[in-house]
Amino acid sequence: MDSQIKPRSTALISSATNQLHGLKALWIFLLGFYAVWTIWAILLVRFPLVFDGAYLRNGVRLLVWVAPALVFIRWNEGPRVVDRVGLRLNACRGIAYGAIVSVIVAPILYFMRHGFGLSGFCMPTNIATWIGPIITAPIAEEIVFRGLVFRRLREQWGTMSALLISSALFALIHLPYWWLSGAKSGGDLCFSLLEIAGIGALLCGLFRWTNSLWTPLVYHVFNNFITVSFS
């Protein structure tokens with residue numbers, strides 16, 4: 001009997017140790033990620049003419065956000081990276097649910113922020129706008145903060161803790177450029193960070209609901225489209 005219990009206990013201890021090491025690696029990854037993104041924000045503010053190109057910015061976002069996240073998952077968790085971030089499982093259902101939630105929730109949130117006037121709507125015509133804030137930004141942010149951070153924290157600490165922590169981290173990644181550029185300050189900065197954290201929590205909930213990254217991704221794209229079209 002004791003000989004059966006001992007291997008089982010050893011296996012549990014080994015599993016817990018591996019999870020702890022994986023979580024430590026995640027925090028080290030995030031520390032480097034935030035440091036690099038802050039340096040990029042400094043460069044954008046100090047040398048705006050040099051780094052003003054939309055395609056350059058989008059390329060840097062993919063290089064700094066998506067590529068390292070996918071490499072980290074492959075190195076830390078193993079192959080089948082697309083499956084792990086939630087881009088294969090329940091894909092069709094995830095896209096459908098994301099579209100339904102987008103049509104219902106995104107307009108409500110917009111009208112709560114800006115009222116019911118529609119006179120300011122302007123369909124984006126610049127291809128760089130479509131590639132940047134509408135498509136590239138949601139893809140990068142969903143892979144990092146829902147496909148990696150929220151998922152890994154949930155495995156270790158449960159859904160609610162993972163939702164709160166990942167949403168706060170999602171808001172804080174917007175802080176360096178807003179603060180350094182002076183785009184937002186004071187109460188406006190605090191409100192914007194809380195708003196982004198709230199959106200992050202909603203996106204985590206959508207991911208948890210369908211276990212498909214497509215659901216928050218579709219919603220995120222639609223939300224950014226609404227935001228850009230009425231800005």
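We did not get these values from a lab; they are worked out from the coordinates using the rules stated. Just so it is clear, the model here is predicted, and its values are computed rather than measured. Note that we place each Cβ from the backbone using ideal geometry, even for glycine, and neighbour counts take in every protein chain shown.
When VAL81, VAL103 are arranged by Cβ crowding within 10 Å, least crowded first, meaning fewest neighbours, the order is VAL103, VAL81. Here the chain is treated as a sphere whose radius is the Kirkwood value from Cα pairs; by Stokes-Einstein at 25 °C and 0.890 mPa s it diffuses with a coefficient of 128 µm²/s.
Could you list SER212, SER181 in order of exposure, starting from the residue whose Cβ has the fewest other Cβ atoms within 10 Å? Before the final figure, lay out the partial values.
Details: SER212 24, SER181 14.
By the 10 Å Cβ count, ascending: SER181, SER212.
A simple spin-label model places pseudo-atoms 7 Å from Cα toward Cβ; at ASN211 and MET112 they are separated by 2.9 nm.
Between GLY78, GLY98, GLY147, the Gaussian network model of the chain with springs among Cα atoms under 10 angstrom shows the greatest mean-square fluctuation at GLY78.
At 222 nm, what value in deg cm²/dmol follows for the chain if DSSP H runs of at least 4 each add -39500 (n - 2.57) and the sum is divided by all its residues, to the nearest 500? Mind showing how you got there, number by number?
Numbers: 11 runs with 167 residues, N = 231.
Calculated mean residue ellipticity at 222 nm is -23500 deg cm²/dmol.
Simple spin-label estimate for PHE191 and TRP179 gives 2.0 nm between the two label positions (7 Å along the Cα-to-Cβ direction from each Cα). Identify which of GLY198, GLY132, GLY158 has the largest mean-square fluctuation in a Gaussian network model of the chain, with springs joining Cα atoms closer than 10 Å. Highest fluctuation of the listed residues: GLY158.
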